[in-house]
Structure formats: structure tokens, C-alpha cells
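One structure below.
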Amino acid sequence: MKRRAFLKTASLAGTATLISQKTPAQSPASGPKDSGTPAQGPVIISTWDFGRAVPETAFQTLMKGGTVIDAVERAVMIPEADPEVTTVGYGGYPDRNGKVTLDACIMNGNGDCGAVVFLENIMHPVSVARLVMEKTQHVVLAGEGALQFALENGFKKMNLLTPDAEAAYKEWLKTSDYKPPQASEHNHDTIGLLAMDGKGNMAGACTTSGMAWKIRGRVGDSPLIGAGLYVDNDVGGATATGIGEAVIKVAGSFLIVELMRNGKSPQEACRIALERIVHKQPRYAEKDGFVAGFVAMTKEGQIGAMSYRKGLRYSLCKDGVVSIVDADYMVK
């Protein structure tokens with residue numbers, strides 16, 4: 001679709017669809033699309049469907065008195081430790097040199113944040129990022145420095161390249177051809193997760209192994225505050241998924257929070273951020289397989305989610321009810 005035609009018709013090509021409703025309490029009366037009703041308790045939203053345990057872990061952490069930082073960290077640690085997830089942590093596909101490198105960030109609603117990039121041999125980069133936030137005066141540690149910091153703080157080195165990931169890498173070497181995957185209900189990408197406790201305190205975390213077969217040293221949007229994640233207790237939060245370069249170039253998550261600050265709903269803000277990508281970087285949208293999406297939440301618990309193409313799912317836990325939802329999308 002040409003850019004002019006896209007911008008003219010970008011209102012909506014798809015409607016959010018409730019995929020499943022699983023609850024520790026009761027089923028919701030309707031799907032959770034962009035609801036303006038304030039939540040009565042914690043709200044958790046995350047990109048993709050990494051399983052019921054992810055939002056439930058965040059919810060139960062809050063119910064047991066944990067902080068929102070505790071909640072987001074413990075939730076995203078689940079896919080970080082899952083060898084079946086090829087886009088996050090242990091099991092993540094390597095770069096084109098055959099090395100698994102991880103990126104992650106964490107942020108609270110007061111602006112405190114920490115991140116690690118190009119981290120090797122540590123299963124839980126989000127936990128290292130939290131220590132960067134809490135124990136240093138810095139925001140980002142990279143590469144060997146991030147690894148040294150992790151080891152000095154009790155983390156253990158391990159080989160993150162699973163047999164399945166190594167086999168996939170060897171198969172890729174036969175052609176060494178990089179093609180971004182199409183978004184579909186069957187694949188995942190970065191996990192970005194936002195949580196709000198019952199008192200309106202917010203936090204977020206984002207963690208990834210990045211693009212499979214990437215150039216060694218490449219860092220995407222996920223660990224970058226303002227690109228892959230941004231949280232502000234005065235307004236709300238947003239997190240991104242998809243082709244990180246496109247998100248970085250519009251400071252996507254920060255853009256969405258500022259749009260909400262100026263009165264846009266989370267759904268409107270996500271749409272505008274995607275339109276900004278297409279307007280400023282049309283070459284991304286013209287490529288087959290281009291994937292980009294956002295989820296967002298206001299301080300009142302109003303939520304929104306949208307992707308450029310059909311395929312993005314998100315997990316939502318609101319008032320104790322867990323749902324998996326298909327996000328709105330812009331073009332087929």
C-alpha cells in the first residue's frame with residue numbers, strides 16, 4: 001500500500017478480538033478493548049501471548065504485597081528462562097556469529113530505570129537491569145561491562161545457546177539470508193510488560209534476544225528507554241514490539257505517553273505512533289514482513305494496542321481476569 005493511501009485509510013483494518021478468557025476469579029462481560037472504566041485493582045498488559053503464567057505472576061506478586069517493579073521483573077523472567085521461546089533469553093536465536101546476546105530494561109513510574117545491552121551468558125538480563133537501576137548512578141551498561149557487573153553481583157555464567165537454537169543457526173548458515181519473520185498468532189517477539197498496582201503506581205520491563213542472525217553488536221529498541229519502553233506515573237506507560245529500528249527512529253513509547261499526556265486515548269496514541277513510523281520512514285512499511293506494534297495503558301487502567309499488520313496478540317490481566325486478545329491492526 002502506498003503511503004498516501006495508507007494514511008488516508010489507516011483508521012482501522014481490523015478490530016480487537018478476544019481469543020480466550022481464563023480467570024482466577026470470574027469471566028469478564030466483554031472484551032477489554034480500550035476500556036475507559038478505571039480498574040478496581042492491578043492491571044497488567046504485555047505484548048504477545050507468552051502464556052497465562054506471565055500476567056498471573058505479575059498479578060499474584062502484587063496481591064502478595066510485592067512492588068510493581070517486583071511484579072514486572074518476575075513476570076518477564078518466565079519467558080527469559082523458557083528454552084522454547086526463541087526471541088527472549090535462554091533459547092533465543094543467536095547473532096550471525098552464533099552468539100546469543102540479550103537486551104533488557106526496567107523502569108518505574110518515577111523515572112528510575114536501568115538497562116543492559118549486548119549481554120552474554122546471563123539468563124536474566126532484566127534482573128541485571130534492575131540492579132543497574134538500584135545500585136549504580138547509570139542507566140545503561142553494555143557488553144563486557146554489563147557481564148562483569150552481573151558476575152560481581154552474584155549472577156552465574158551459562159551457555160544460552162540451546163541445541164534447538166544451534167540447529168536453527170546451522171540451518172540458516174546454509175543461505176545466510178536474513179528475512180524478518182511475518183507476524184502471526186504462532187510467533188512471538190520481544191516481551192514488553194506494563195503493570196499498575198491498586199494505588200496507581202506503574203512500572204514496566206522489556207526483554208529480548210533481538211533479531212535472529214543480527215549483525216554482532218546490534219541493539220534494538222527493547223532496552224532503550226523511550227523507544228521500547230516508557231512509564232510515567234502522571235500519565236501511563238507504553239511498550240513496543242517488532243522491528244526495533246523503526247521504533248527507535250520515532251521514540252515510539254515516549255511518543256505514545258506524550259500523546260496520552262495531551263489527551264489522546266491509549267488506542268489513538270498507538271495508532272498515531274504507527275502512522276508516524278510510516279510517514280517518517282515509509283521504506284519500512286513497504287517491506288514485506290514489516291512488523292511493529294505497541295501496547296499502552298493510562299494511570300487509570302485504560303488500555304490500547306495496535307500493530308501495523310495483523311498478527312499481534314497481547315495478554316491482559318484486569319481486576320484479576322486474564323485474557324488473550326488480538327490487537328487492532330492497520331493494513332492486511
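The values are calculated or read from the model by the stated rules, or taken from the named source; none is laboratory data. On a predicted model such as this, the values are computed, not experimentally measured, just so you know. Here the Cβ is made from the backbone with ideal geometry for all residues, glycine too, and neighbour counts use every protein chain on show.
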Query raised in the report: Can you tell me how many residues in the range 292-332 are under 16 Å from the mean Cα position of the chain (by Cα) and part of a loop (DSSP other than H, G, I, E, B)?
Result: 3
Query raised in the report: Could you say whether any residue in the range 246-256 is part of a strand (DSSP E or B) and on the phi < 0 side of the Ramachandran plot?
Result: no
Query raised in the report: Among ALA212, ALA142, ALA238, which is modelled with pLDDT of 95 or more and under 17 Å from THR101 (Cα atoms)?
Result: ALA142
Query - Condition broken by CYS270, with the remaining ones in (1) more than 21 Å from GLY210 (Cβ to Cβ); (2) at pLDDT 90 or above; (3) surrounded by fewer than 24 Cβ atoms within 10 Å (Cβ to Cβ); (4) in contact with a strand residue (DSSP E or B) (Cβ under 8 Å, 6 or more places away or on another chain) satisfied - result: (3)
Report summary line: Checked the range 114-140 for anything surrounded by 24 or more Cβ atoms within 10 Å (Cβ to Cβ) and part of a strand (DSSP E or B); matches are GLY114, ALA115, VAL116, VAL117, LEU119
Query - Residue among GLY210, GLY198, GLY145 that is part of a helix (DSSP H, G or I) and either in contact (Cβ under 8 Å) with a residue 40 or more places away in the chain or more than 14 Å from the chain's Cα centre (by Cα) (or both) - result: GLY145
Requested in this report: Only residues that are in contact (Cβ under 8 Å) with a residue 24 or more places away in the chain and either assigned to a loop (DSSP other than H, G, I, E, B) or in contact with a His (Cβ under 6 Å, 6 or more places away or on another chain) (or both): list them for the range 157-180, please.
Outcome: LYS157, MET158, ASN159, LEU160, LEU161, THR162, SER176, TYR178, LYS179, PRO180
Query - Which listed residue, of GLY263, GLY289, is surrounded by fewer than 23 Cβ atoms within 10 Å (Cβ to Cβ), modelled with pLDDT of 95 or more and either in a strand (DSSP E or B) or at positive phi (or both) - result: GLY263
Query raised in the report: Are there any pairs with C-beta distances below 6 angstrom linking a residue in the range 286-314 that is over 22 Å from LYS264 (Cβ atoms) to a residue that is assigned to a loop (DSSP other than H, G, I, E, B) and polar (S, T, N, Q), with the two at least 6 apart or on different chains, and if so which?
Result: GLY289/GLN182; GLY311/SER184
Report task. Could you grab me the full set of residues in the range 99-113 that are of a type in the set (Gly, Ala, Ser) and either touching a Leu at 6+ places or on another chain (Cβ under 7 Å) or surrounded by fewer than 15 Cβ atoms within 10 Å (Cβ to Cβ) (or both)? Result -> GLY111
Query - Evaluation of GLY311 against (1) crowded, with 23+ Cβ neighbours inside 10 Å; (2) of a type outside the set (Lys, Arg); (3) within 20 Å of VAL54 (Cα to Cα) (one fails), failing number - result: (1)
Query - Scan of the range 78-101 for residues that are aliphatic (A, V, I, L, M) and over 15 Å from the mean Cα position of the chain (by Cα), ordered by number - result: ALA81, VAL100
Query raised in the report: Is it true that GLU120 is modelled with pLDDT of 95 or more, farther than 30 Å from LYS199 by Cβ and not aliphatic (A, V, I, L, M)?
Result: yes
